[in-house]
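The values are calculated or read from the model by the stated rules, or taken from the named source; none is laboratory data. Not measured: the values here are computed from a predicted model. Heads up, the Cβs are rebuilt from the backbone with ideal geometry, glycines too, and the neighbour counts pull from every protein chain shown. Accessible surface is based on the protein model in full, side chains and every heavy atom, while ligands, DNA and RNA are left aside. Shrake-Rupley method; radii C 1.70, N 1.55, O 1.52, S 1.80 Å.
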Amino acid sequence: MDRQLARAIVNKLGSTGTPPEFGIEHFTVGLEPYLKVIEDEYLDGILKYNLSSFKLITGNYGGGKTHFLYTVRNLAFGHNYCVAYVSLNPTECPFDKLELVYKGIAANLIAPRPADAPTAVRDKGIESVVRKWHDDQRQLHDRTDSLRKYLETLPTTESTSFSNAVRGAFAGLMAEDGEGFNDVVQWLKGEDVSKEMRVQHRISERIDKATAFRVLRSLIQWVHAIGYTGLILLFDEAERGMSISSSRDKRRALDNLRQLVDECGNSRLPGAMVFYAVPDENLLLEGSGGVYEALKQRLRSAFNETNPVGVRINLEELGIEPAEFLKRLGARLADLFEAAYEMKLPDAKRDAVLRTLADIAISAFAFDVGYRRLFVVSVLDAFHQLRATPALEFGRKEAEKLLRVTTQRLEQTDKEQVEKEEF
Amino acid sequence: MSHPVFGDGEILDSRWHGTELLVQFQSGLRLWLPTQRVRLLFNIGDFVPGEAQPALFEIDTIQARRMIEAFRLGIVPHQDVESFTFGREKPIAVLDEALANLARGQGDVFMVEGEYGSGKTHLLEYVHHRALASGMATSLVQFDPAEVSPHRPKRVYREVVHNLRYIKDATEHGYRDLLRSGAALDMKDHVFLGPVLAKLGRIDAGQLQSEVFWQWIEGESTKEYATEQKSPFRVKGGQRIPALYDFSTAADLYCNILSGLSWMARELGMKGLVLLVDEAETVTHLWDIMYLAKSVNFMDGLVRTAQNDPDLKRINDRMVHNQVRPVPYIYRDPSLLLVFATTPSPYDYAYIKLANRIKHRVELGLLEEKALLDAFSTMVMIYRRAYPDFTISDLDQKRLLREASRRNIEGVRAFIKFSIEALDVTRLRAQGILPRNKD
């Protein structure tokens, strides 16, 4: 494995325990049944026939939701899908304000790309997808009139305004009119634009709560029309997108979610698949009233056991015992660490570190899947110690101390992160 | 059915939208009981696997996969509704009669009521298909608090025209086709459609302004570039067409337009216009009292328009009218059938107001045994079509059906979801993706 890539992964994992968005397959454990089904049945299956699907992902904090979503993203890239990974939150991207959700999708839209390197900022967002679309078509059409004809024959989308906007952006690039391009892209990003610009490009709609669904459907139709297999929407930290103070806003958010599920069920989002990740389905579904009932009926699985094609994918039910899971994960982390620092950890000491930390993490956190994240951070810390002091004796006492310190550090980091974003 | 205290019994009747059941117990006791307190027992002795819905025999793998994926979410896809309907003979007979009356020129209003998951949307989809096949123009809209709320009549109008369909010469047509055909009719006395049809006769389809014109009359917010003097896409003569008002008091204009469209459809040889409104309970979900009042007024206006209420053929002081250019709610004699689907909200003012206005109610209760048998057999057939390598023994089918039927008490949706998930698990176990059953 590439040393730089391995080091980047180790640094990211070792600092917060949250997975990096690249190289994820190097430390993926236990997701194989789910991923095989998602690839065979959906990415390489029904989505290619313009159908759509929705999955609710559940798993506790540190239980691997983000990891799972990144893995799906990489699989999707391999099948020529555009992907938008959107981290929901109550201020910038709450689910009761679909116009802000659309904005989040537009800002995070990525065309298929190699999954083993970080995504550059310039490669992210609807602007970069439009640019790539233009560049690709320019290579296929050697004459301007042929390119213009291609643009004219592009299928229109449900929202004529959206259709006019993407054509306007494309035409701006064709004419090397940077300012015109930026103006239209501003609208496509969900930002306010001047009336004159809207008149010039025949954009009649504002992207607001009343039009957001239409524009989202149109985005999916456009992605499809320009040659991609479809669009995969990955909504992470959805519980934060729902943590809204007023019950009315929450009902609105849930109703939006219900509508999204129905759009998928009726294949109104051709070639699109939505993953919506929450720590616990009860955060969404425990309530009384119509919207809760409607969602419960759609999103609750009839079975408690693992069912990778069911509407709910439960990451706490991987079918592997925790000890076996950590053993396999630890071995992968050790390989990564050795590749990152071009060294070989002493076998006996490495195994002892993994065994001791796994034992304590599982017993101390028996009822919380967050032990996985704690284990990852602690193991990498211990490997660093071992690398600095090869003669280090890493016993139970040292392991307990390390886990205690790491727990406090992660809690503090989480708290700071939430406060930074929300206040 | 079985009750934990009173033992086994037979269901004789239901009330309050199926939330209570009248049960005759083997002991002779006869009681009304909450539905959730009883457990339905199921006789599967007569079940013969393979008796599937014949209309679905010819589906291909992709259609089958589409249906299975929707079933996993507890939904039946729009396009498959007619062939995947079981045990709703009575409601269907009522609504078929309504369609037949509309074909004779008599509009009306119906309210389909049932709890969540009882199949209201499914029934609306069914009527949608039947109306299309019977030569009617039809539009199915779903109210939504944000996107299509009844206190904003223009948005309802936009949704109606966006979803409007009819079949002519074996081809599906939409709103634009309807108006193009209607251009030959004399509707000069219609406040909106009159000038629109006149303009249509002069418009050049190849010009960009034509598209702007269409967007405008379909309810898109194009006014600023459709009519402003400096706009490069200005529709010449557009000033003569009244604006499609965005405010909530414009219910009169939109009811007038919808009744005009139904009249137009009839004149063009169709059998009227069918408007199907799903999630109609949204009318009750408005928190602002002013919006709620306007919403109730629009619904009331729509209902009375479909009922061809003579009081609404003139400006009526008891109804809300727009103050820019008030018009009667009804244009000439409409041929409009209106079907609302709603969850009962018996304690809600807006619901009571709407319900009291509507004479015909269709209640959806639990599915009966025969319907469950047919539905299950059909699902197995579809599943086999979706996954051609999948096999399941008759004995296992009976076992799954018995389990699934217990879910029927929670609604049809729960029954369908359980059946499909059970087949999924069986398949994935056989493939080795899931571990074999421990028992």
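When the criteria are applied in full, B:Pro346 fails the requirement of being loosely packed, with under 15 Cβ neighbours inside 10 Å, over 29 Å from the mean Cα position of the chain (by Cα) and either within 14 Å of chain A (Cβ to nearest Cβ) or assigned to a helix (DSSP H, G or I) (or both). Return a yes/no flag: does segment B:104-120 have any residue that is assigned to a helix (DSSP H, G or I) and either touching a helix residue (DSSP H, G or I) at 6+ places or on another chain (Cβ under 8 Å) or within 14 Å of another protein chain (Cβ to nearest Cβ) (or both). Within segment B:104-120 (the criterion being assigned to a helix (DSSP H, G or I) and either touching a helix residue (DSSP H, G or I) at 6+ places or on another chain (Cβ under 8 Å) or within 14 Å of another protein chain (Cβ to nearest Cβ) (or both)), the answer is yes, since at least one residue qualifies.
Tell me, please, whether a residue that is of a type in the set (Asp, Glu) and either surrounded by fewer than 20 Cβ atoms within 10 Å (Cβ to Cβ) or away from chain A (no Cβ under 14 Å) (or both) can be found in segment B:90-97.
So in segment B:90-97, the residues of a type in the set (Asp, Glu) come out as B:96-97.
With the extra rule that they be either surrounded by fewer than 20 Cβ atoms within 10 Å (Cβ to Cβ) or away from chain A (no Cβ under 14 Å) (or both), the set shrinks to B:96-97.
Within segment B:90-97, one or more residues are of a type in the set (Asp, Glu) and either surrounded by fewer than 20 Cβ atoms within 10 Å (Cβ to Cβ) or away from chain A (no Cβ under 14 Å) (or both).
Taking each residue of segment A:64-92 that is at positive phi and modelled with pLDDT of 95 or more and looking for partners that are of a type in the set (Ser, Thr, Tyr) and open to solvent by 20 Å² or more (accessible area, probe 1.4 Å) with beta-carbon atoms closer than 8 Å, six or more apart or interchain, yields A:Asn80/A:Tyr228; A:Asn80/A:Thr229. The residues of segment A:113-170 that are in contact with a Phe, Trp or Tyr (Cβ under 7 Å, 6 or more places away or on another chain), part of a loop (DSSP other than H, G, I, E, B) and not charged (D, E, K, R), listed by number, are A:Ala115, A:Ala117, A:Pro118, A:His141, A:Thr157.
When you go through A:Val121, A:Val129, A:Val101, A:Val166 one by one, which is the residue that is aliphatic (A, V, I, L, M) and either open to solvent by 50 Å² or more (accessible area, probe 1.4 Å) or at positive phi (or both)? The conditions single out A:Val121. Taken together, A:Thr160, A:Thr156 contain a single residue that is within 24 Å of B:Trp216 (Cβ to Cβ), within 14 Å of another protein chain (Cβ to nearest Cβ), of a type outside the set (D, E, K, R) and without any contact (Cβ under 8 Å) to a residue 24 or more places away in the chain, which is A:Thr156. Name the single residue that is surrounded by the most Cβ atoms within 10 Å (Cβ to Cβ) among those in segment B:188-229 being under 19 Å from B:Val156 (Cα atoms) and modelled with pLDDT under 75. Only one residue tops the list, namely B:Thr222.
Which one is farthest from B:Leu140 (Cα to Cα), of the residues in segment A:260-273 that are of a type outside the set (A, V, I, L, M, F, W, C) and open to solvent by less than 20 Å² (accessible area, probe 1.4 Å)? Going through the qualifying residues, I end up with A:Gly271.
If you go through segment B:135-169 and keep only what is more than 10 Å from chain A (Cβ to nearest Cβ), open to solvent by 10 Å² or more (accessible area, probe 1.4 Å), part of a strand (DSSP E or B) and not aliphatic (A, V, I, L, M), you end up with B:Arg165, B:Lys168.
Number of residues in segment B:257-280 that are open to solvent by less than 10 Å² (accessible area, probe 1.4 Å) and over 21 Å from B:Thr342 (Cα atoms) equals 9. Checking each residue of segment B:34-44 against the condition of being open to solvent by less than 70 Å² (accessible area, probe 1.4 Å) and modelled with pLDDT of 75 or more gives at least one match. Every test in (1) more than 15 Å from A:Thr229 (Cα to Cα); (2) of a type in the set (S, T, N, Q); (3) modelled with pLDDT of 90 or more is passed by A:Ser15 save one, and that test is (3).
Being charged (D, E, K, R) and closer than 10 Å to A:Ile226 by Cβ is the filter here, so list the residues in segment A:129-147 that pass it. Those that are charged (D, E, K, R) and closer than 10 Å to A:Ile226 by Cβ: A:Lys132, A:Asp136.
Against the criterion of being more than 13 Å from chain A (Cβ to nearest Cβ), buried (at least 23 other Cβ atoms within 10 Å of the Cβ) and either in contact (Cβ under 8 Å) with a residue 24 or more places away in the chain or part of a helix (DSSP H, G or I) (or both), B:Phe415 does not qualify. Of all the listed residues (B:Val274, B:Val327), the sole one being at pLDDT 95 or above and touching a strand residue (DSSP E or B) at 6+ places or on another chain (Cβ under 8 Å) is B:Val274.
Restricted to segment A:275-345, the set of helices (runs of 4 or more DSSP H) holding at least 2 residues that are surrounded by 21 or more Cβ atoms within 10 Å (Cβ to Cβ) and away from every other protein chain (no Cβ under 12 Å) comprises A:322-341.
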